[in-house]
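The block underneath contains the structure these notes are about, expressed in structure tokens.
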Amino acid sequence: MWAPGEDVARLTYFGLFALQHRGQESAGIAVSDGEHVLVYKELGLVSQVFDEATLATLQGHLGIGHTRYSTTGSTTWENAQPVFKTEGGRSLALGHNGNLVNTAELAAQVPRREGATTDSDLVASLLARELPGRELGEAALEVLPRLRGAFCFVFIDERSLYAARDPHGLRPLSIGRIPGGFVVASETCALDIVGATFVRDVEPGELVRIDERGLSSERFAQAPRRALCVFEFVYLARADSRLLGRTIHEVRRELGRRLAREAPAEADLVIPVPDTAVSAAQGYAEASGIPYGEGLMKNRYVGRTFIEPAQSLRELGVKLKLNPIPDAIRGRRLVVVDDSIVRGTTTRQIVQALREAGAAEVHARITCPPIRWPCFYGIDMSTRSELVASDLSVEQVRAFVGADSLGYLSLEGMIAATGSPAEAFCRACFDGEYPVPVPEEAGKFLLEHPTRS
């Protein structure tokens with residue numbers, strides 16, 4: 001955010017609340033007053049990391065914030081963002097959404113040191129090395145073309161705010177306008193919460209600079225095609241955000257309508273697995289004529305279990321997060337609509353809990369196709385062994401999760417619901433076609449167990 005005269009730290013804090021669903025391991029804010037860059041970051045949720053006293057120390061007219069979901073490197077304070085670097089009396093802070101696939105190649109260009117083990121830290125180090133004697137934007141134009149994979153960066157020096165998006169546009173990044181300034185965010189819901197008006201998306205392969213000179217941009221790379229992650233529509237983005245001109249809520253309703261036509265069920269009640277499947281369950285009920293209702297109560301003070309860093313935490317998180325409503329489901333045949341099945345353990349626990357609460361039948365319906373291929377672009381499912389559908393048939397997955405029936409939405413139906421052509425998306429986790437080639441050595445803990453000396 002670049003907003004002279006505004007309480008930038010507090011507005012950034014509000015924006016991070018809107019983006020808490022994208023990462024729950026750590027949070028941080030960096031601000032500049034034109035002369036010094038100050039960073040505060042810590043492990044935990046936004047509400048745990050910041051308080052009034054902390055925010056009061058973060059004075060400046062430009063700043064960035066970050067909530068971390070780790071896809072490279074462990075959950076440690078050193079790996080929390082924004083990353084901070086100094087070189088030759090200059091400072092920079094950087095936040096990163098996405099995941100690079102040429103991390104090993106980049107690591108060979110930076111002297112090995114203890115501490116942070118993320119691709120984000122590597123990029124900040126590369127930028128810092130290019131910084132002496134030039135503007136940060138010039139340094140970025142040297143570094144960005146060398147990066148491969150998914151990245152949306154926001155970064156600042158003492159005077160300017162920058163934003164960049166990878167050439168395929170794998171992750172979203174939007175620009176908003178507030179009186180006297182600009183805001184850049186991973187989702188439009190964060191623009192809404194700070195009162196910003198949506199201007200446009202940062203284009204794939206574009207570097208944007210914002211400062212007292214206004215907004216300017218340069219293109220640093222061009223890709224053969226765009227490849228926005230289609231899983232943003234299915235799961236990652238918040239329902240009130242907009243992507244490609246449509247609200248996530250409406251796309252998910254359409255996912256549910258198409259799912260009802262492709263995978264009908266004889267049932268008494270349609271219930272969602274809250275919160276990401278609520279819109280889709282409403283669409284399923286609308287198209288099927290089966291009444292919609294709530295059968296699972298969500299504790300909204302528990303984070304997303306899918307993006308917990310360890311399987312044991314995911315399983316505990318499911319029990320804490322979702323609890324059946326016995327009076328609503330006892331003796332009824334249920335259609336349970338969920339966004340996806342990744343590892344299968346969450347779905348299995350939900351089905352079991354619904355049966356124990358008295359459900360007569362449980363018919364699982366999923367708003368995307370089976371996830372059979374790992375993601376290397378910013379979702380923590382980097383091996384096929386983690387994916388229950390990678391080598392099991394739909395019937396075998398049904399048996400594993402314990403449902404009476406299981407139905408997935410087809411790839412064609414999912415794409416059609418977005419209103420955009422298949423060529424606009426990365427669909428690799430569903431069809432194995434990766435828009436950016438992935439080297440064999442890619443992995444979450446690559447920098448913690450390096451092969452270089």
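Going by what's in this entry, would THR118 be described as surrounded by 24 or more Cβ atoms within 10 Å (Cβ to Cβ) and either modelled with pLDDT of 95 or more or of a type outside the set (D, E, K, R) (or both)?
On the way: surrounded by 24 or more Cβ atoms within 10 Å (Cβ to Cβ): yes; either modelled with pLDDT of 95 or more or of a type outside the set (D, E, K, R) (or both): yes.
Yes, satisfied.
Let's see how each residue does on (1) surrounded by fewer than 24 Cβ atoms within 10 Å (Cβ to Cβ); (2) among the charged types (D, E, K, R); (3) under 21 Å from ILE248 (Cα atoms):
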{"site": "GLY95", "(1), (2), (3)": "no, no, no"}
{"site": "ARG129", "(1), (2), (3)": "yes, yes, no"}
{"site": "PRO132", "(1), (2), (3)": "yes, no, no"}
{"site": "VAL184", "(1), (2), (3)": "no, no, yes"}
{"site": "LEU191", "(1), (2), (3)": "no, no, yes"}
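Looking at (1) at pLDDT below 95; (2) crowded, with 19+ Cβ neighbours inside 10 Å; (3) not charged (D, E, K, R), which is the only condition PRO179 fails?
(2)
Just give me the residues in the stretch 73-85 being modelled with pLDDT of 95 or more and either surrounded by fewer than 24 Cβ atoms within 10 Å (Cβ to Cβ) or over 17 Å from PHE153 (Cα atoms) (or both), in sequence order.
If the condition is that a residue be modelled with pLDDT of 95 or more and either surrounded by fewer than 24 Cβ atoms within 10 Å (Cβ to Cβ) or over 17 Å from PHE153 (Cα atoms) (or both), then PHE84, LYS85 are the ones that fit.
Restricting to the stretch 239-260, what's the tally of residues that are surrounded by fewer than 24 Cβ atoms within 10 Å (Cβ to Cβ) and closer than 19 Å to LEU334 by Cβ?
Looking only at that region, the number is 1.
Going by the conditions given, is ARG225 in contact with a Ser or Thr (Cβ under 9 Å, 6 or more places away or on another chain) and among the basic types (Lys, Arg)? Spell out how you get there, then give the answer.
On the way: in contact with a Ser or Thr (Cβ under 9 Å, 6 or more places away or on another chain): no; among the basic types (Lys, Arg): yes.
It is false that ARG225 is in contact with a Ser or Thr (Cβ under 9 Å, 6 or more places away or on another chain) and among the basic types (Lys, Arg).
Might you check whether a residue that is closer than 27 Å to VAL230 by Cβ, surrounded by 19 or more Cβ atoms within 10 Å (Cβ to Cβ), of a type outside the set (S, T, N, Q) and in contact with an Asp or Glu (Cβ under 8 Å, 6 or more places away or on another chain) occurs anywhere in the stretch 42-64?
no
Name the strands (runs of 3 or more DSSP E) wholly within the stretch 1-90 that hold at least 2 residues that are polar (S, T, N, Q)? Walk me through how you get there before you give the answer.
Details: elements: 26-32, 37-43, 62-68, 83-87.
It comes to 26-32.
Can you spot a residue in the stretch 97-105 that is assigned to a loop (DSSP other than H, G, I, E, B) and closer than 26 Å to ALA3 by Cβ?
no
Among the residues of the stretch 189-236, count how many are within 30 Å of GLY432 (Cα to Cα) and part of a loop (DSSP other than H, G, I, E, B).
If we filter the stretch 189-236 for residues that are within 30 Å of GLY432 (Cα to Cα), which is where we start, we get 201-207, 219-236.
Adding the requirement that they be part of a loop (DSSP other than H, G, I, E, B) leaves 202-205, 220-227, 230.
Final tally of qualifying residues: 13.
Given the options TYR162, TYR235, name the one that is outside the structural domain of LEU94 (by TED's automatic domain parsing) and surrounded by 21 or more Cβ atoms within 10 Å (Cβ to Cβ).
TYR235
Picking from ALA30, ALA18, ALA80, which residue would you name as being in contact with a Pro (Cβ under 8 Å, 6 or more places away or on another chain) and under 27 Å from LEU170 (Cα atoms)? I'd like the intermediate steps shown before the answer.
Numbers: ALA18 fails: in contact with a Pro (Cβ under 8 Å, 6 or more places away or on another chain); ALA80 fails: in contact with a Pro (Cβ under 8 Å, 6 or more places away or on another chain).
When all the criteria are applied, what remains is ALA30.
Sort out which residues of the stretch 346-380 are surrounded by fewer than 22 Cβ atoms within 10 Å (Cβ to Cβ), within 17 Å of THR276 (Cβ to Cβ) and out of contact with any Ser or Thr (no Cβ under 9 Å at 6 or more places or on another chain), and write them in order of number.
GLN349, the sole residue that qualifies.
Failed condition for TRP2, given (1) in contact with a helix residue (DSSP H, G or I) (Cβ under 7 Å, 6 or more places away or on another chain); (2) outside the structural domain of LEU100 (by TED's automatic domain parsing), with all others met?
Evaluating TRP2 over (1) in contact with a helix residue (DSSP H, G or I) (Cβ under 7 Å, 6 or more places away or on another chain); (2) outside the structural domain of LEU100 (by TED's automatic domain parsing) leaves (1) as the failure.
The values are calculated or read from the model by the stated rules, or taken from the named source; none is laboratory data. Worth saying up front: this structure is predicted, and the values here are computed from it rather than measured. Heads up, the Cβs are rebuilt from the backbone with ideal geometry, glycines too, and the neighbour counts pull from every protein chain shown.
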